[in-house]
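Shown next, in structure tokens, is the structure this report addresses.
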Amino acid sequence: MDESHEPLIAETAAATTGDASHDEHAAHDVSKHIRGYLMVGGTLLLFTAITVFLSYVNFGTQKANVAVALLVATFKAGLVAAIFMHLSSEKRMIYRILIFTFFFVSGLFWLIYLAWYDPITR
Amino acid sequence: MEIPYTVTARPDTGLWNAKVGIWLFLASEVMLFGGLFSAYVFLRLDAAPGAWPHGLLNVPVGTMNTAILIASSVTVVMAWASLKMRRFRAYWWYMLVTILCGVTFLGVKLIYEWPQKFEHFGAFIKKDALEKYEPYLGNHHLAEKGLAPRTEISGHLHNHEALHDENVKEYEIALDPVNADPTNPLMDRPHFLYVPPTEKLAKIEKADVEYANMFLPKHSAYFASYFTITGLHGLHVLGGVIVFTYLWLPVGTKLYKRNPEHLANRVEVAGLFWHFVDLVWIFVFPLFYLL
């Protein structure tokens, strides 16, 4: 299990009891991130404009355009997940849940592949 | 009943309970939207050349709604950060802006975008009649350029009775620009700005029509997936707005006075849900509006 338990419990317990020094610490911690949040918001808006622009650029085939747009979308989604949803530094328990999710949703999309390439009766 | 671990971390997970709860819920949401997106991919790959429509949605409006949703993601994270810094006034304002963003997003969808589709009409022409309607389709021109053929003529339907009355033998359509001037190279690719149907009228015999309907879910695989996915997404936006409103009302103030960290945690989990809804839209927008 996560070895970082002990200090963590102590830390959050301090928050409930209204420990002033902890409050200041947490506030300071959060205020450091605000600039980052605003920058991520700006980046997301910028890449929204970029993806709209790129959709009117002819990359040769429709498939290439789809690939470019999905690449931009994945980058944007990654930013939202990592920064806004704090996944860049989360507890191990959350990652465990998400590993399963990733596995099953990949399986779901793999089913489409089965509809096109029949590995059983071909 | 006192709910345990709302603020303190549970020793075995290292997290307060709601955080684990919301992530489990989001995991199930990934599967829900994953199922619909995989259906979209399946339908799109299965579509005949030229059958999957492009440029039917209003790109500037979609872009605006994307920006609104991104802005609301920023404001909700700022609302949470304000609570963490114990600045309740700032929290209140950020939350209000978030709620207004959500309401605006829904308003644009329900009052403008969807109704505009419901008023639009399209008729898929039978294969052997395509030549007859060549002046509206411009398929020779497209074939020369190596582009996918057009099989649908769309615009505003003038004689709505034609949809139900068997005695009416033809559809009268005020043509969309693409069908009014199909060989114009400007029509080869979708426009950025929405251009409404023209004044040019066309009559299409029902006998030549494979299938015709308003732009409703049953119109095509495209609109079926569009309305299903944006509809479900819209319900999520509505859910988020309701929860945010609850946390913004005096109930939230009372909780803040009792235990500010508890309110901060509630806003954090509601925010996680909201960011997920934003994340889904980040994929919806290019898939339906741009590609």
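Mind listing P(r) for the range B:159-291? All alpha-carbon pairs, 5 Å bins, whole percents.
2, 8, 11, 12, 13, 11, 9, 8, 7, 6, 5, 4, 3, 1, 0
Under the Karplus relation 6.51 cos²θ - 1.76 cosθ + 1.60, θ = phi - 60°, what is the ordered set of whole-Hz ³J(HN,Hα) values for the range B:118-135, x standing for Gly and Pro?
Result, rounded to whole Hz: 4, 8, 8, 10, x, 10, 7, 8, 4, 3, 6, 9, 4, 4, 4, 9, 3, x.
Once the principal axes of the Cα atoms of the range B:121-214 are found, what is the range along each, listed largest first in whole angstroms?
Each principal axis gives a Cα extent; for the range B:121-214 these are 40, 30, 17 Å.
Round to a whole number: what % of the accessible area of chain B belongs to carbon and sulfur, probe 1.4 Å?
Values: 8330 of 12810 Å².
The C+S portion of the solvent-accessible surface of chain B is 65 percent.
Quick one: what do you get for chain B if you divide its Cα Rg by 2.2 N^0.38 Å?
Values: Rg = 24.3 Å, N = 291, 2.2 N^0.38 = 19.0 Å.
The value comes to 1.28.
Could you state how much accessible area is buried at the B-A interface, both sides summed, with a 1.4 Å probe, in Å² to the nearest 100? All intermediate terms of the calculation are to be shown ahead of the outcome.
Details: alone 15200 and 10190 Å², together 20530 Å².
Accessible area lost upon association: around 4900 Å².
Could you pull the Cα extents of the range B:236-291 along its three principal axes, largest to smallest, in whole Å?
Here the spans come out as 50, 17, 10 Å, largest first.
Which chymotrypsin sites (Phe, Trp or Tyr not before Pro) in the range A:35-122 sit in a loop by DSSP (not H, G, I, E or B) and have at most 15 other Cβ atoms within 10 Å of their own Cβ? It would help to have the intermediate numbers written out before the result.
Working: sites: A:TYR37, A:PHE47, A:PHE53, A:TYR56, A:PHE59, A:PHE75, A:PHE84, A:TYR95, A:PHE100, A:PHE102, A:PHE103, A:PHE104, A:PHE109, A:TRP110, A:TYR113, A:TRP116, A:TYR117; in loops: A:TYR56, A:PHE59, A:TYR117.
When the chymotrypsin sites (Phe, Trp or Tyr not before Pro) of the range A:35-122 are filtered for loop state and at most 15 Cβ neighbours within 10 Å, A:TYR56, A:PHE59, A:TYR117 remain.
Using 0.36 nm times the number of residues separating B:ALA67 and B:LEU24, minus their current alpha carbon distance, what extension gain do you get?
Values: separation 43, 0.36 × 43 = 15.48 nm, distance 2.78 nm.
The B:ALA67-B:LEU24 span can extend by a further 12.7 nm.
Peptide A:83-89: average number of partner chain Cβ atoms within 10 Å per residue? Intermediate values should be presented prior to the final figure.
Values: counts 3, 13, 14, 7, 3, 0, 0.
Partner Cβ neighbours, averaged per residue: 6.
When the convex hull of the Cα atoms of the protein assembly as shown is projected onto a plane and the area is averaged over all directions, what value comes out in nm²? Please report the intermediate quantities before stating the final value.
On the way: hull surface 100.9 nm².
So the mean shadow area of the Cα hull is 25.2 nm².
Using the Karplus equation 6.51 cos²θ - 1.76 cosθ + 1.60 (θ = phi - 60°), what ³J(HN,Hα) coupling, rounded to whole Hz, does each residue of the range A:50-59 give in order, writing x for Gly and Pro?
Per-residue couplings from phi come out as 4, 5, 5, 4, 5, 5, 9, 8, 7, 8 Hz.
Using amide H atoms built 1.01 Å from N in the peptide plane, name the residues 5+ places from B:VAL209, or on other chains, whose amide H lies under 5 Å from its own.
B:LYS126
The values are calculated or read from the model by the stated rules, or taken from the named source; none is laboratory data. It should be emphasised that the depicted structure is a prediction, and the values quoted were computed from it without experimental measurement. Glycine gets a Cβ as well: all are built from the backbone with ideal geometry, and neighbour counts include every protein chain shown. These accessible areas exclude ligands, DNA and RNA; they are computed on the full protein's heavy atoms, side chains included. Shrake-Rupley method; radii C 1.70, N 1.55, O 1.52, S 1.80 Å.
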